[in-house]
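The structure under discussion appears below in the form of structure tokens.
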Amino acid sequence: ERDTWQRERNILQNALKKAESELAKATLELENKPVVETSSPKLQRLYRKYLRAESFRKALVYQKKYLLLLLGGFQECEQATLSLIARMGIYPSPADLQLSGSRSRPFTKFRCAVRAIIAVSR
């Protein structure tokens, strides 16, 4: 009786090893298949992630365009205000001229560019 149990045990162990090797082969075949043939929910989840990232990217592009337009509008408004003040006959005091003279035009342009870059990056 013990010998029969031992033979049956060996047969079952061999069958188990064979089934495990077939399972390993099947999983390798599934991993090598293209993405299109994989499970549909996984593919749908990846596609939703892609759409969300693309939506965020487009939103940032629109935000950048809006901020650039806004900065251009502020520059035009500032120039119009300064020309209106000049037409009114009001001129800055000598102290104001010294403060603005200490900062050159290129420095002001650089500072405006830096602020624009910070706004766009945010």
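Worth a mention:
- Top-ranked residue of region 65-83 - restricted to ones that are more than 18 Å from residue 121 (Cβ to Cβ) and among the hydrophobic types (A, V, I, L, M, F, W, C), ranked as most open to solvent (accessible area, probe 1.4 Å): 74
- Filtering region 19-41 to residues that are open to solvent by 100 Å² or more (accessible area, probe 1.4 Å) and modelled with pLDDT of 85 or more leaves 20, 22, 23, 25.
The values are calculated or read from the model by the stated rules, or taken from the named source; none is laboratory data. If you're wondering where the values come from, they're calculated on a predicted model, not measured in any experiment. Don't worry about glycine lacking a Cβ; one is built from the backbone with ideal geometry, like all the others, and counts go over all protein chains shown. Each accessible area value is taken on the protein alone, full model and side chains, heavy atoms only, with ligands, DNA and RNA left out. Shrake-Rupley method; radii C 1.70, N 1.55, O 1.52, S 1.80 Å.
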